[in-house]
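For reference, the structure is listed below as structure tokens.
The values are calculated or read from the model by the stated rules, or taken from the named source; none is laboratory data. Quick caveat: nothing in here was measured; it's all calculated off a predicted structure. Every residue, glycine among them, receives a Cβ derived from its backbone with ideal geometry; neighbour counts consider all protein chains shown. Surface areas here come from the heavy atoms of the whole protein model, side chains and all, with no ligands, DNA or RNA. Shrake-Rupley method; radii C 1.70, N 1.55, O 1.52, S 1.80 Å.
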Amino acid sequence: MRRLGLLAILLLAACAQQQQDDSARAASDAKANASPEKYARDRELCRATVNDYMKTRRNIDDSRREVFAGNYERYGQTTLPSDMANYDDVRRSDRLIANCMEQRGYSQPQRSWWQR
């Protein structure tokens, strides 16, 4: 539980730090010219961190869903709750990885509001 709290605090701190000053922009420009190996290494570090967080989050969500589980077969919705949970996990993990990469200095492509 303590580990989850620490991870949540770190992720919130990463999300809160959106403004960059001139020196951060210079560092961002330097990151744009970084080697592909460094980028791949940083991306794997972010992916590992997010995967650990998502595994814990998934366990918590699954436990909560078991408590409130209904008779979905009766209504013909056998896979709907799990499909929705999987979609949410994919969207959340993509967003967390993008935030982590931004914190490491790699600018992420800006998407239109309807693609977010």
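Here are some notes:
- Residue 81, sole failed condition from (1) farther than 21 Å from residue 109 by Cβ; (2) modelled with pLDDT of 90 or more: (2)
- Residues located in segment 103-116, provided they are assigned to a helix (DSSP H, G or I) and either open to solvent by 90 Å² or more (accessible area, probe 1.4 Å) or touching a Ser or Thr at 6+ places or on another chain (Cβ under 9 Å) (or both): 113, 114, 115
- Residues that are of a type in the set (Val, Ile, Thr) and under 25 Å from residue 41 (Cβ atoms) occur in segment 77-90; there is at least one.
- Within segment 59-81, the set of residues being open to solvent by 60 Å² or more (accessible area, probe 1.4 Å) and either closer than 30 Å to residue 35 by Cα or in a helix (DSSP H, G or I) (or both) comprises 59, 60, 63, 64, 65, 66, 67, 72, 73, 74, 75, 80.
- Among the residues of segment 24-70, those that are among the polar types (S, T, N, Q) and either at pLDDT below 70 or in contact with a Pro (Cβ under 6 Å, 6 or more places away or on another chain) (or both) comprise 28, 33.
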